[in-house]
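*Asks:* I'd like to ask you about the structure that follows.
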Amino acid sequence: MAETNETVSSSYHEKFNRGKTWSGLELKEFYNPADTAGIDYHRSIGDPGQYPYTRGIHRNMYRGRLWTRREVCGLGSARETNERLKFLLREGAGGPNVIVDVPGELGIDADHPRAAGEVGVTGVSINSLADITVLTEGIPLDKTSFSLIVAAPSAEVMFSQYLVEAQRRGIDFRLLSGSIQNDPIHLRYCGFPPAAPLDVARKTAVDIIEYCTRYVPRWYTTTINLYDLRENGISAAQEIAFGFGIGLIYIDGAIERGLQIDDFIPRLSFYCSAHIDFFEEIAKLRAARRLWAKIMQERYGAKDPRSLQFRFAVHTAGCSLVPQQPLNNAIRIAYEALAAVLGGVQSLHCCSYDEPIALPTEQSHLLAIRTQQVLAYETGVAAVSDPLGGSYYIENLTDKIEEETLKIFKEIEDRGGMLEAINSGWIDQEMEKAALEEQQRIEKRDRLVVGVNVFRMPPEDATPSGVQRIPAQVEQKIIEDVEKLKKERHRPAWQQAIDNLKRHTEKGEKENLIPPVIECIKAGATVGEIMGVIRQAYGHPYDPLEAIQPPY
Amino acid sequence: MAKKIRVILSKIGLDGHDRGIKMLARMFREAGMEVVYMGLYQTPENVVRAAVQEDADVIGLSILSGEHLTLVPKVTALLKEQKLENEILLLVGGVIPREDVPAVKSHGVHEVFTAGSLVEEIVDYIHQWVNRRAKT
């Protein structure tokens, strides 16, 4: 009892002792008109739906269309994932949002000797056309916006599988809508460097952009992933600067293929983080929107308003969640989701509160959707576009984050451009430094995290809604299916398709590989095999883990 | 002067989440330990071989993608084969459900530190274990 009383009295006199955002921007006690005096409303803010789109890309924003409520989903085989997708769709998710497993991102098959124990664990296992067929069963591809989360070069294969499945069902490519992440360069910052050598990464990414621009016009070709970069611990401004830097590499590659800027930019989108520092995240999203419009107009001469509009999804920050007292995470997620909506998000994924503990259960997945639905239908925050626009504080903070981002752009330029900043390891160093500093602040209690370094409690014995498990038989079945396919397919047709793909790879970087990849898929070739051919064409090993030999 | 504590840190399996373990490598060094971080995609065999070669006091494995119950037993089996289970402190960190901790430990893991652990607590644990081992 004595201890409780002491806690109450010490918190009564407690002061807020932080004068900076979590990204380190200095904050004043309050803001007034002097802090926004230099801002020309029409030039640098503008109404929602007007250049430079600081206040949002649509005039009527959510009255025109609510944000898409998507929940990332991928577990076990295509069969299990298809069932969970249908559950989420029935419960009001706006569209399927499928993530592939680790072997899939690496571009190896489930029967790879090193894949044991990892197949279908953190995403769905996709190896051949049959998997995409089962994954999309019962989902009308011409009436659904389907999101495929595969960032790696293997996106080229999985997207082609999706196209073949559409073809099989007699659906015109022009009716397909959805998105594929297709941001292989960023993947090196997610622990996948051997899966995405820079040359292969740039090539496969640009292939998808080019192919869709010509034949699948309603598809969002690339979701430039700022979120995963941010999860490494970097600041809000670094999130924009590094993410845009990677995005511009693809854009320059697409221009080299002869695409016109306004023909493909409207089909790029972004994936941002919404971290726990509420106003900083809102200001970041506003700053990113303004910067994108300026870069597209000033540097690339884009004219189509859709090229200037920064369209983005948000993933609430997984790294802000902790396993201690896990239900608290539901609160963190709700604040982050609110920041995303106040920042003008187009599509939102809320983490599940058990994310730092295990894969989401059906129950925790459901709570994540309900979090979005309470925001959308009950709180009223969707009624007015950019409700914080004009706030002395928010406008000032938006400017500061933009300035900070421009400084980092300059530094990248001084280092010889983004490719060089990546190759030299500078980006890695910046991330490692940021992660270390954040942990040091937590250790010293300069940064408080409830349940971690303040208000600790004895650990729970169990996770509130249990733990989602992938039964071992599921993996076994996936592996057997791949082995069976490899044994039973028509070997000469397969060999011919592989040889044909090889010939196309020899025609140089500008030769789009999607048509020959489609032929390989029809002949029963798998993700690992097709990626192996492409990797070898660029002088890399057939197997990124260098454990197996090519089967051809 | 006491010999520095030698630590092998490694990712294991195909999980690529390495923010935490790279940060730990830096903080263990700052705490006066000698650290070898083996990097991504290591096999149980690689890790145990390195621990033997480096005469390690501690092995720290990082697993965030749910493979802990598949991969950890392989490491502990190798350590037992070499009769090192009492010589080397084996720690596992990452995304590990609390209900799995007893199972992970039952294979011979000394302690599990999940994401959200304080580094100072891990460092204390290592020092205490090394001191206890010195007395036996």
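The values are calculated or read from the model by the stated rules, or taken from the named source; none is laboratory data. Treat the numbers as computed from the prediction; the structure is a model and nothing was measured. Note: ideal-geometry Cβ built from the backbone for every residue, glycine included; neighbour counts use all protein chains shown.
*Asks:* Right, A:G466: at the interface with another protein chain (Cβ under 9 Å from one of its Cβ atoms) and either of a type outside the set (A, V, I, L, M, F, W, C) or under 24 Å from the mean Cα position of the chain (by Cα) (or both) or not?
*Replies:* yes
*Asks:* Out of (1) over 30 Å from A:N127 (Cα atoms); (2) more than 14 Å from chain B (Cβ to nearest Cβ); (3) not in a loop (DSSP other than H, G, I, E, B), what's the single condition that is false for A:L366?
*Replies:* (1)
*Asks:* Let me ask something additional. Determine whether segment A:39-48 contains at least one residue that is modelled with pLDDT of 95 or more and closer than 19 Å to A:F278 by Cβ.
*Replies:* no
*Asks:* Could I ask something else about it? Looking at segment A:469-502, which of the residues that are basic (K, R) and under 30 Å from A:Q363 (Cα atoms) is nearest to the other protein chains (Cβ to nearest Cβ)?
*Replies:* Among those residues, the one meeting the criterion is A:R469.
For (1) closer than 16 Å to A:I246 by Cα; (2) within 14 Å of another protein chain (Cβ to nearest Cβ), each residue gets a yes or a no:
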| residue | (1), (2) |
| --- | --- |
| A:I149 | no, no |
| A:Y162 | no, no |
| A:E165 | no, no |
| A:L176 | no, no |
| A:N182 | yes, no |
| A:C190 | yes, yes |
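*Asks:* Is segment B:71-79 home to any residue that is within 11 Å of chain A (Cβ to nearest Cβ), under 21 Å from A:G104 (Cα atoms) and buried (at least 18 other Cβ atoms within 10 Å of the Cβ)?
*Replies:* So far as segment B:71-79 goes, yes, one or more of its residues are within 11 Å of chain A (Cβ to nearest Cβ), under 21 Å from A:G104 (Cα atoms) and buried (at least 18 other Cβ atoms within 10 Å of the Cβ).
*Asks:* Determine which member of the set A:R65, A:R79, A:R84, A:R90 is surrounded by fewer than 21 Cβ atoms within 10 Å (Cβ to Cβ), closer than 30 Å to A:I139 by Cβ and in contact with an Asp or Glu (Cβ under 9 Å, 6 or more places away or on another chain).
*Replies:* Exactly one residue qualifies, and that residue is A:R79.
*Asks:* Same structure again: Quick check: is even one residue across segment A:137-155 at pLDDT 95 or above and in a helix (DSSP H, G or I)?
*Replies:* Yes, that holds for at least one residue.
*Asks:* Provide a single number: the residues in segment A:434-463 that are within 11 Å of another protein chain (Cβ to nearest Cβ), in a loop (DSSP other than H, G, I, E, B), surrounded by 15 or more Cβ atoms within 10 Å (Cβ to Cβ) and touching a residue at least 60 places away in the same chain (Cβ under 8 Å).
*Replies:* Qualifying residue count, segment A:434-463: 5.
*Asks:* From the list B:L118, B:L89, B:L64, exactly one residue is touching a Phe, Trp or Tyr at 6+ places or on another chain (Cβ under 9 Å) and either at pLDDT below 95 or surrounded by 15 or more Cβ atoms within 10 Å (Cβ to Cβ) (or both). Which is it?
*Replies:* Step by step, each of B:L118, B:L89, B:L64 is checked, and only B:L89 is touching a Phe, Trp or Tyr at 6+ places or on another chain (Cβ under 9 Å) and either at pLDDT below 95 or surrounded by 15 or more Cβ atoms within 10 Å (Cβ to Cβ) (or both).
*Asks:* Can I ask one more? Please count how many residues of segment B:1-19 are farther than 27 Å from A:P113 by Cβ and either among the β-branched types (V, I, T) or surrounded by fewer than 22 Cβ atoms within 10 Å (Cβ to Cβ) (or both).
*Replies:* Looking only at that region, the number is 7.
*Asks:* Is it fair to say A:R188 is outside any loop (DSSP other than H, G, I, E, B), modelled with pLDDT under 95, in contact with a Leu (Cβ under 9 Å, 6 or more places away or on another chain) and among the charged types (D, E, K, R)?
*Replies:* yes
*Asks:* Across segment B:80-99, which residue is farthest from B:I8 (Cα to Cα) among those that are within 11 Å of chain A (Cβ to nearest Cβ) and part of a loop (DSSP other than H, G, I, E, B)?
*Replies:* Ranking the candidates gives B:P97 first.
*Asks:* Another question, then. Of all residues in segment B:69-124, how many are in contact with a Ser or Thr (Cβ under 6 Å, 6 or more places away or on another chain) and closer than 20 Å to B:I21 by Cα?
*Replies:* Matching residues across segment B:69-124 total 4.
*Asks:* Say whether the condition of being outside any loop (DSSP other than H, G, I, E, B), within 14 Å of chain B (Cβ to nearest Cβ) and surrounded by fewer than 20 Cβ atoms within 10 Å (Cβ to Cβ) is met by at least one residue in segment A:94-117.
*Replies:* So far as segment A:94-117 goes, yes, one or more of its residues are outside any loop (DSSP other than H, G, I, E, B), within 14 Å of chain B (Cβ to nearest Cβ) and surrounded by fewer than 20 Cβ atoms within 10 Å (Cβ to Cβ).
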